[in-house]
Amino acid sequence: EKAARLDARFAELQFRWAGCFLQANNVTARTNYQLACDVDALPFRADSRINGIIRQTAHELGGASLVLSDAEATLAQASPRGISGDEVFFEHVHFNFRGNYLLGRLWAGQIKQWLPASAATTNSLDWASQEICDRDLGLTVWNRSFVIDSVIRRMQQPPLSSQFNNPSRLAALEAELKVLRAQQTDTNMVMRSGQALVDAIQRAPLDPFLQEGLANLYEALGDLKRAAAAYRKVLELLPHDSYSNQQLGRLLGELGQPAEGET
């Protein structure tokens, strides 16, 4: 409080202050966390002014063909203390797997009102679970490891690396990654992951991202020929995809086909 009298617009002060309030179960914590976001010197997120403009626009223009999908409020309600935190975010911006699922559920609920009667479910609570969605997205331990490893590398770089709470966040993610990598040495897990991706592709044969996931799995297992074949499948569906072209070219080079890879 004394520090705030000197400079109340110092974001880290407000963040640490909010943490004190949170541990004391003080409802003021949300106000201070929001202020920390609003005065952050690195404006990566929508602050209260931007969200206010969005809500006001939705109020003025909303109607039969436009509704506000309030992710901020929905995710906060899904959090234990009414403040979005580690349960839905990896850090300050990127959703974790749970956060992405909750965001998708919010959108689905909003879109449902526009579906024809023949497509709408009779039970508004009858949504696919996160486990089912993860399965249909082909989210294997390899995918999870790749995502978490990417987040860890991001946190090891400025500006995140200089934040006071970064060591504890990194430790939690590294512990999670260690568990996932241990599972990758389990032969049964390898077989189940591969079969899960094949099953998902059979359910959605026109989904290029599932083929990409299969390619990543094959490469992780050292089967470069099958990985290249999977990327060819991606390019049959998305010929313009630069990432898949790059990966296929790289794999062909490693397979001793540099001329074909160059194309």
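The values are calculated or read from the model by the stated rules, or taken from the named source; none is laboratory data. Keep in mind the model is a prediction, meaning the values are calculated, not measured. Cβ sites come from the backbone with ideal geometry, for glycine too, and all protein chains shown count toward neighbours. All accessible areas refer to the heavy atoms of the entire protein, side chains included, with ligands and DNA or RNA removed. Shrake-Rupley method; radii C 1.70, N 1.55, O 1.52, S 1.80 Å.
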Single residue of segment 39-55 satisfying the filter (more than 23 Å from the chain's Cα centre (by Cα) and farther than 24 Å from Leu66 by Cβ) that is modelled with the lowest pLDDT: Ala41
For segment 118-192, which fully contained helices (runs of 4 or more DSSP H) count at least 3 residues that are within 22 Å of Leu210 (Cα to Cα), touching a residue at least 60 places away in the same chain (Cβ under 8 Å) and within 17 Å of the chain's Cα centre (by Cα)? 141-155
Those residues of segment 54-110 which are open to solvent by less than 30 Å² (accessible area, probe 1.4 Å), touching a Leu at 6+ places or on another chain (Cβ under 6 Å) and outside any helix (DSSP H, G or I), in sequence order: Val88
When (1) more than 20 Å from Phe97 (Cα to Cα); (2) modelled with pLDDT under 95; (3) of a type in the set (A, V, I, L, M); (4) surrounded by 13 or more Cβ atoms within 10 Å (Cβ to Cβ) are applied to Met191, the one that fails is (4)
When the residues of segment 238-263 are filtered to those that are exposed (fewer than 15 other Cβ atoms within 10 Å of the Cβ) and under 27 Å from the mean Cα position of the chain (by Cα), which remaining residue is nearest to Leu137 (Cα to Cα)? Tyr243
The condition from (1) surrounded by 13 or more Cβ atoms within 10 Å (Cβ to Cβ); (2) more than 21 Å from Ser145 (Cα to Cα); (3) not hydroxyl-bearing (Ser, Thr, Tyr) that Arg203 misses is numbered (1)
When segment 187-212 is checked residue by residue, the ones that are closer than 15 Å to Thr140 by Cβ and out of contact with any helix residue (DSSP H, G or I) (no Cβ under 9 Å at 6 or more places or on another chain) are Thr187, Asn188, Met191, Arg192, Gln195
Based on this model, can you work out whether Glu212 counts as surrounded by fewer than 17 Cβ atoms within 10 Å (Cβ to Cβ), without any contact (Cβ under 8 Å) to a residue 60 or more places away in the chain and part of a helix (DSSP H, G or I)? no
State whether the residues of segment 105-123 include one that is touching a helix residue (DSSP H, G or I) at 6+ places or on another chain (Cβ under 6 Å) and at pLDDT 90 or above. yes
